[in-house]
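Just so it is clear, none of the values below were taken in a lab; they were calculated from the coordinates. Model, not experiment: these values are computed from the prediction. Every residue, glycine as well, gets a Cβ built from its backbone with ideal geometry; the counts of neighbours run over all protein chains shown.
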Amino acid sequence: MKDFDVIIIGGSSAGLSAGMALGRAMRKVLIIDSGMPCNRQTPHSHNFFTRDGQTPHEILTIAREQTLKYPTITLLHSEATQCTPITKGFEVSTISGETFSAKKIILAAGIKDQMPDIPGFAECWGISIIHCPYCHGYEYGYQPTGIFANGEMAFELAKLISNWTKDLILFTNGKSTLNEGQQSIISHNNIQIIEGEIAAFDHHDGQITTIHLQNGSEIKLKALYARLPFVQHSDIALQLGCSFTDQGHIQVDAQQKTTVPGVYAAGDSASGIRSIANAVNSGTMAGVMANLELINEIFLAEKN
């Protein structure tokens, strides 16, 4: 089968959720997934009822099994490389040369974090170098913790993370760009600011033990929060001419519609709230609204 009602690019939480909503609406759906979710190293996921504490892989395995029980949903393990508008929708090509068509597109491929070139950082990412206290802060509560940021982001993170631990050090990894007022508030809250550049992270299986600075200093920590720059995991949104937010997410409205008619986006691709619960919610919304648009096109069409 080459023709579908909807093609979903990305088969993690948002994509599978969109697929389930559409499958239950009797739609023919193709989900194209490369198998590289950004949370693949994370040992535990939280704030998702009935699955709290499970690994993202365990949650995804259950989600995939339950989604694919609907016979109109097909999962293709591949990578979408091109998407172009055609007369009645869109044509999608994959890295293996296959071509499919659909009336609607849902972009749910997520993002790729751009990690600093510091030994040990990538190995700890998602394990003890973390991005979200709501996802992981409880497990590192009241423990020696670092923040890897500078400027306005450093100030906001210092304020936020102080809710989970008072044992905080801010690493600006170079000259601080905090203003005097921000530095004063941070110091008043007993948060040390270290401007020296980080040389390496010692760790055991992704669990930080020591941060080494270029000046030879060593600091013992249990966790480090970082907000990293990112790029879209897929350039399909760019190919289609979708608008992006200043932060780099695909711009969507309350119905998960992008600025390109017939194209929706969900999950981390379109939101700064990086959680499975949010991805599932936005994916369901995208699936429901894509289906509603298909219904309207048929039901409200003028008959000759």
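Quick notes
- Karplus 3J(HN,Hα) series, Hz, for region 14-23 with 6.51 cos²θ - 1.76 cosθ + 1.60 (x for Gly, Pro): 5, x, 5, 5, 4, x, 5, 4, 6, x
- Cross-link table Lys112/Lys175; Lys159/Lys222; Lys88/Lys112; Lys69/Lys222; Lys222/Lys257, entries beyond 30 Å C-alpha to C-alpha: Lys88/Lys112; Lys69/Lys222; Lys222/Lys257
- If you take the alpha carbon atoms of region 125-176 and fit the smallest convex hull around them, that volume is 73 Å³ per residue.
- Taking only the C-alpha atoms of region 52-186, the Rg (one decimal) and the largest Cα-Cα distance, Dmax (whole number), read 21.7, 61 Å.
- The per residue volume of the convex hull around the alpha-carbon atoms of region 121-226 is 86 Å³.
- Taking amide H atoms as placed 1.01 Å from N in the peptide plane, the amide H of Ser128 lies under 5 Å from those of Ile208, each 5 or more residues away in sequence or on another chain.
- Rounded, prolate or oblate (a/c below 1.5 giving rounded, otherwise prolate when a/b exceeds b/c) for the chain by Cα gyration tensor: prolate
- D by Stokes-Einstein for region 40-109, Kirkwood Rh over Cα pairs, 37 °C, 0.692 mPa s: 223 µm²/s.
- As a rough guide to protection, the peptides 19-27, 70-78 ranked by mean Cβ packing within 10 Å, highest first, stand as 19-27, 70-78.
- Region 93-104 - phi-based ³J(HN,Hα) in whole Hz, Karplus 6.51/-1.76/1.60, Gly and Pro as x: 10, 10, 5, 8, x, 6, 10, 9, 10, 7, 6, 9
- Region 158-304: radius of gyration and largest Cα-Cα distance (Dmax), Å: 22.5, 80
- Longest segment of the chain lacking chymotrypsin sites (Phe, Trp or Tyr not before Pro) that sit in a DSSP loop with at most 16 other Cβ atoms within 10 Å: 143-304
- Under 15 Å, Cβ to Cβ, from Tyr140 - net charge with Lys/Arg +1 and Asp/Glu -1: +1
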